[in-house]
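Just below is one structure, and these are the notes that go with it.
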Amino acid sequence: METLQLQQYDEWIADHLDELVTQYAGQVVAIHQGKIAIIGSSEVDVYREVRQVGLEPMPLVLRVPRVTTPTVDIGTLITHTPDVRGGRARIVGTGVTVQRIVGWYKLGLSAEEIASRIGHLTLAQVHAALTYYHANRDEIEAAIKAEEIEADRLEQLHYQAAEARP
């Protein structure tokens, strides 16, 4: 094939890639004069049909790749780092703790609503945080209770300091 013809095929494939992958993933196609002329399951079958039909010039024959979505290991979405957020469980790459997600959840927000309110999080990240909470409920509830006790203590100190002022 000539270089110019290959460039034209490259452009055609770029323009029609979504269609190819959506409709013909895993199949072999023959592209002739800007159209899909033959579809088959193997290169041998498609070339055989190209010869039988007598397509000239020789079409471009290619196997359309299957596009797969990468699998995410849920265990990679939550982390603990001693120097970030006091070592509390948080969503990887963010400072958003599982406790924060649980707080919204306990207020009655759905996972979708939480993801919407914390716009830089994906729905999968919110679900991972909630899954972590349900799998480690005692740990998270104890941490929430400890924070509430500390907040009450600080509030009392603040009121005592305010009352002591003239």
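Laboratory data are not the source of any read-out in this text; all were calculated from the coordinates shown. Fair warning: this is a prediction, and the values are worked out from it, not measured in the lab. With ideal geometry, Cβ positions are generated from the backbone for all residues, glycine too; neighbour counts draw on all protein chains shown.
Tabulated data for the structure shown
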| item | result |
| --- | --- |
| Criterion violated by residue 82 - all others in (1) within 30 Å of residue 143 (Cα to Cα); (2) touching a residue at least 12 places away in the same chain (Cβ under 8 Å) satisfied | (2) |
| Among (1) β-branched (Val, Ile, Thr); (2) farther than 27 Å from residue 146 by Cβ; (3) not in a helix (DSSP H, G or I), the one test that residue 81 misses | (2) |
